[in-house]
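In what follows, a single structure is set out as structure tokens and then discussed.
The values are calculated or read from the model by the stated rules, or taken from the named source; none is laboratory data. It should be emphasised that the depicted structure is a prediction, and the values quoted were computed from it without experimental measurement. Cβ sites come from the backbone with ideal geometry, for glycine too, and all protein chains shown count toward neighbours.
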């Protein structure tokens, strides 16, 4: 018999120590659990500190929390208890009794079974068309995955930016004015960008990147257009296009898009109602540790609904065992992380907000946590002391 840490769950099949094993008995297992195995079957949870006997019905677990000001805290039985105050960090992740920190433009932090640290770094790619056949590109940050502090996998955002460019150009071609089809027409997209703003990474076979893509362009209908805005008569329409793209090991999927137009008519500018496009009305958003969201997206029924429309979606949140946890609105630019503390009870972070989930309802516990994972911790002495 040996101990192992659960990394994935699929019904009665449990992945631990890199192998798929069979669970014996009626015990529910979850990513992060420490278990006993003979190499073929899993028989129950074990005390991480070295207890010899499996445990069958553990009480509610302890979860380490890093607060925004560097304070070490622990969640247990619906309460957050604060302990030592240490250095501030962007993110914290734990596994077993180990924990790690990361700083800078870090979107996600993962600690594997061997103690290796995986940090997903954000960044932005931009393409500028300045006219007369001239253009230039620039990049902000270093998007990619760093392992133990060394960049190992760079993410080329330029290829993903084409999704928004193509969408924006199509938006330019469908614009109609009183001069449509009369004389000159000019369609142009002069700024195109792609930003890695959210996501997570655990291995080459398990990751998800959420890309916020943006393009800016214009449409001109004019009579005797002479360039530089000069014409006998014309309409100039400037527009901004926004598009979300989800990247996983299995697919690259545009999700939905929105375009806002600015119309210049007789030197008066007014905003037209947004145009919407749904690429994926129903989609699955994978989350770390085997959790996932079944999301839905629809065009708003009235103009007031466009507030936060681009970043928000309705979804059903599921456990790795396909148990429905809750239904709620989620934001594409806020990382969602979950951890089970006992049967039917979970912790969830949405950005820096920490919620307790039970019976399909959410209770806000804190608004300033910096956890990248919500794993349980049995040996908490070093954490509480700030060592």
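Worth pointing out:
- Taken across the range 73-89, residues that are surrounded by fewer than 20 Cβ atoms within 10 Å (Cβ to Cβ), under 20 Å from residue 210 (Cα atoms), out of contact with any helix residue (DSSP H, G or I) (no Cβ under 7 Å at 6 or more places or on another chain) and at pLDDT below 95 do not occur at all.
- Any hit, the range 167-187, residues being in contact (Cβ under 8 Å) with a residue 24 or more places away in the chain, touching a helix residue (DSSP H, G or I) at 6+ places or on another chain (Cβ under 7 Å) and surrounded by fewer than 21 Cβ atoms within 10 Å (Cβ to Cβ): yes
- The sole residue among 237, 175, 220, 186 that is on the phi < 0 side of the Ramachandran plot and not in a strand (DSSP E or B) is 175.
- The range 96-115: number of residues that are surrounded by 22 or more Cβ atoms within 10 Å (Cβ to Cβ) and closer than 22 Å to residue 385 by Cβ: 2
- Residue within the range 54-63 that is within 18 Å of residue 375 (Cβ to Cβ), surrounded by 16 or more Cβ atoms within 10 Å (Cβ to Cβ), out of contact with any helix residue (DSSP H, G or I) (no Cβ under 9 Å at 6 or more places or on another chain) and modelled with pLDDT of 95 or more present: yes
- The C-beta contact set for the range 99-117 (first residue without any contact (Cβ under 8 Å) to a residue 12 or more places away in the chain, second residue surrounded by 15 or more Cβ atoms within 10 Å (Cβ to Cβ) and in a loop (DSSP other than H, G, I, E, B), distance under 9 angstrom, 6+ apart or interchain) is empty.
- Screening residue 328 on (1) over 22 Å from residue 33 (Cα atoms); (2) in contact with a helix residue (DSSP H, G or I) (Cβ under 7 Å, 6 or more places away or on another chain) shows it passes everything except condition (2).
- Restricting the range 265-301 to residues that are surrounded by fewer than 14 Cβ atoms within 10 Å (Cβ to Cβ) and in contact with a helix residue (DSSP H, G or I) (Cβ under 8 Å, 6 or more places away or on another chain), the residue that is modelled with the highest pLDDT: 300
- In the range 340-353, of all residues being surrounded by 21 or more Cβ atoms within 10 Å (Cβ to Cβ) and over 16 Å from the mean Cα position of the chain (by Cα), the one that is nearest to residue 372 (Cα to Cα) corresponds to 347.
- Residue, surrounded by the fewest Cβ atoms within 10 Å (Cβ to Cβ), within the range 18-33, restricted to residues that are within 20 Å of residue 111 (Cα to Cα) and at pLDDT below 75: 18
- Count - residues of the range 316-335 that are in a strand (DSSP E or B) and buried (at least 21 other Cβ atoms within 10 Å of the Cβ): 2
- Selected residue (criterion: nearest to residue 209 (Cα to Cα)) from residues of the range 150-172 that are part of a helix (DSSP H, G or I) and out of contact with any strand residue (DSSP E or B) (no Cβ under 7 Å at 6 or more places or on another chain): 162
- Residues that are in a loop (DSSP other than H, G, I, E, B) and in contact with a strand residue (DSSP E or B) (Cβ under 8 Å, 6 or more places away or on another chain) were ranked within the range 223-234; the one that is nearest to residue 198 (Cα to Cα) is 229.
- Qualifying residue in the range 130-141 (condition: closer than 29 Å to residue 87 by Cβ, touching a residue at least 24 places away in the same chain (Cβ under 8 Å) and in a strand (DSSP E or B)): yes
- In a residue-by-residue description of the range 344-357, the property of being under 21 Å from residue 62 (Cα atoms), outside any strand (DSSP E or B), touching a residue at least 12 places away in the same chain (Cβ under 8 Å) and touching a helix residue (DSSP H, G or I) at 6+ places or on another chain (Cβ under 6 Å) applies to no position.
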